[in-house]
Amino acid sequence: MKAERVRAIQRWYPQIYLACHTRHQRASSTDARLSANDSSVLAHLDERDAMTAGNLARHLGIGASTLSATINRLLKLGYITRTPAASDRRIIELRLSKTGARAMQGSSVLESARVAALLDGLTPGEQKLAVDGLALLARAARQLSVGWTSGADAVTASKRSKRSMSPTSSTGPKASKASKASKISKISERKV
């Protein structure tokens, strides 16, 4: 049953992507002045849930200095906000601003007009089901992603990470591949 669902997502997601995908544009050719890299950073941020710069860099697989330049550019454009975490003022949280959300929509790899046309082919009830289903998948993806933590969670994750480096820990460097695979499987199977 689960394997069938995996295959269904693998089959259907590319169909949606290809039907709604827009051509990549250069930063100078977009109204929002965003490069593909800028758009990718914005797509990984949320207006409500914060992400730390370090976690975002790790998730994107880029260096902190590369991300720092992008963050500074996006801050100057007003597309993101940077605030200290309430739990620990040393931790800086990044969020998408309302202006950034509009810019991201305009530079998304999914063209707004094509997505709207796609939704027009569904009843209002089907549209709600489709959007709710995608929201559930996105939430599960954020939970699965190591890099998605709020400022408060970053402190906890940091402490957990230090503990996990002990040789007796089941999540440290000496953990077996089977143990890690089992934990990933359990995360994937959790109700979203």
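Observations on the structure shown:
- For beta carbons closer than 8 Å, sequence separation of 6+ or different chains, a first residue in segment 4-17 that is closer than 17 Å to Ser108 by Cβ and in contact (Cβ under 8 Å) with a residue 12 or more places away in the chain and a second that is assigned to a helix (DSSP H, G or I) and not hydroxyl-bearing (Ser, Thr, Tyr), the qualifying pairs are Ile16/Leu118.
- Restricted to segment 86-106, and to residues there that are under 13 Å from Thr52 (Cβ atoms) and touching a Leu at 6+ places or on another chain (Cβ under 8 Å), the residue that is surrounded by the fewest Cβ atoms within 10 Å (Cβ to Cβ) is Arg95.
- Of the criteria (1) touching a Gly at 6+ places or on another chain (Cβ under 8 Å); (2) of a type in the set (Ser, Thr, Tyr); (3) exposed (fewer than 14 other Cβ atoms within 10 Å of the Cβ), which one Thr66 fails: (1)
- Subset of segment 88-122 (residues that are of a type in the set (Ser, Thr, Tyr) and in contact (Cβ under 8 Å) with a residue 40 or more places away in the chain): Ser97, Ser107, Ser108
- Applying a threshold of 8 Å to beta carbon distances and a minimum spacing of six or more residues, or different chains, the list of pairs starting in segment 66-87 at a residue that is more than 18 Å from Ala103 (Cα to Cα) and ending at one that is of a type in the set (Gly, Ala, Ser) and part of a loop (DSSP other than H, G, I, E, B) reads Thr83/Ala50; Ala85/Ala50; Ala85/Ser150.
- Of the set (1) farther than 28 Å from Leu119 by Cα; (2) acidic (Asp, Glu); (3) at pLDDT below 90, all apply to Glu93 but (3).
- Entry remark, segment 69-85: residues being surrounded by fewer than 19 Cβ atoms within 10 Å (Cβ to Cβ) and at pLDDT 90 or above number 11 in total.
- So Arg7, is it over 17 Å from the mean Cα position of the chain (by Cα), modelled with pLDDT of 85 or more and of a type in the set (D, E, K, R): yes
- Residues considered: Leu122, Leu134. Of these, the only one that is in a helix (DSSP H, G or I), at pLDDT below 95 and out of contact with any Asp or Glu (no Cβ under 9 Å at 6 or more places or on another chain) is Leu134.
- Within segment 37-55, the set of residues being surrounded by 21 or more Cβ atoms within 10 Å (Cβ to Cβ) and aliphatic (A, V, I, L, M) comprises Val41, Leu42, Leu45, Ala50, Met51.
The values are calculated or read from the model by the stated rules, or taken from the named source; none is laboratory data. All of these numbers come straight from a predicted model, not from anything done at the bench. Positions of Cβ are backbone-derived with ideal geometry, glycine not excepted, and every protein chain shown enters the neighbour counts.
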